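Colleague: Take this structure, written in structure tokens, and hold onto it; I'll ask about it next.
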Amino acid sequence: MYLLDTNIIVFLFKNNENVAKKLTKIGLNNCYISEITIAELKYGAEKSNRPVHHTKIVEEFIGEVSVIPIIDVLDVYAKEKVRLEKIGNRIDDFDLLIGASAIVTGLVLVTNNVAHLQRMDNIIIEDWTK
């Protein structure tokens, strides 16, 4: 089971062949997204040069995938944020929340941001773009 990071969904929307093949093989029913990813996708759609078109694509995608709420991951988020700050390896809050979601649920985080997120403890990461 997999947690798709926002950047992987953007790669999918842009018809990245590697991501599309892997998702077809795995099946969308074996994938989840975080509520944070929804926020990022909606922001991206609104910011785009075709907000109505992109919002429709985002809404259709959200309707097809299971969503993980962030309420259950906030303790791991807080602990990881403090731990990383103490060693001078800060991570953006949204990335940290998505990573914490993968850790708490035991899902493999699928991201193109491996170097950044692998700093988190107990996270399993795959990059489907390669």
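Colleague: Among the numbered conditions (1) at pLDDT 95 or above; (2) under 22 Å from Glu17 (Cα atoms), tell me where Pro69 comes up short.
Modeller: (2)
Colleague: While we're here: Considering only residues that are assigned to a helix (DSSP H, G or I), charged (D, E, K, R) and over 17 Å from Pro69 (Cα atoms), which ones fall in the stretch 80-117? Break it down into steps so the answer makes sense when it comes.
Modeller: Residues of the stretch 80-117 assigned to a helix (DSSP H, G or I): 80-86, 93-105, 114-117.
Next cut, charged (D, E, K, R) only: 80-81, 83, 85-86, 93, 95.
Result: Glu80, Lys81, Arg83, Glu85, Lys86.
Colleague: Sticking with this one: Those residues that are hydrophobic (A, V, I, L, M, F, W, C), crowded, with 19+ Cβ neighbours inside 10 Å and in a helix (DSSP H, G or I), I need them from the stretch 33-57; list them, please. Give the steps one after another, and end with the answer.
Modeller: If we filter the stretch 33-57 for residues that are hydrophobic (A, V, I, L, M, F, W, C), which is where we start, we get 33, 36, 38-39, 41, 45, 52, 57.
Then keep just the ones that are crowded, with 19+ Cβ neighbours inside 10 Å; that gives 33, 36, 41, 45.
Once the filter is applied, which keeps residues that are hydrophobic (A, V, I, L, M, F, W, C), crowded, with 19+ Cβ neighbours inside 10 Å and in a helix (DSSP H, G or I), the stretch 33-57 yields Ile36, Leu41, Ala45.
Colleague: Quick check on this structure: which one of Asp75, Asp92, Asp5 is of a type in the set (Asp, Glu) and in contact (Cβ under 8 Å) with a residue 60 or more places away in the chain? Show your work before the answer.
Modeller: Values: Asp75 fails: in contact (Cβ under 8 Å) with a residue 60 or more places away in the chain; Asp92 fails: in contact (Cβ under 8 Å) with a residue 60 or more places away in the chain.
Testing whether each residue is of a type in the set (Asp, Glu) and in contact (Cβ under 8 Å) with a residue 60 or more places away in the chain leaves just Asp5.
The values are calculated or read from the model by the stated rules, or taken from the named source; none is laboratory data. Keep in mind that what you see is a predicted model, and the values were worked out from it rather than measured. For neighbour counting, all protein chains shown are included, and Cβ atoms are generated from backbone atoms with ideal geometry for every residue, glycine included.
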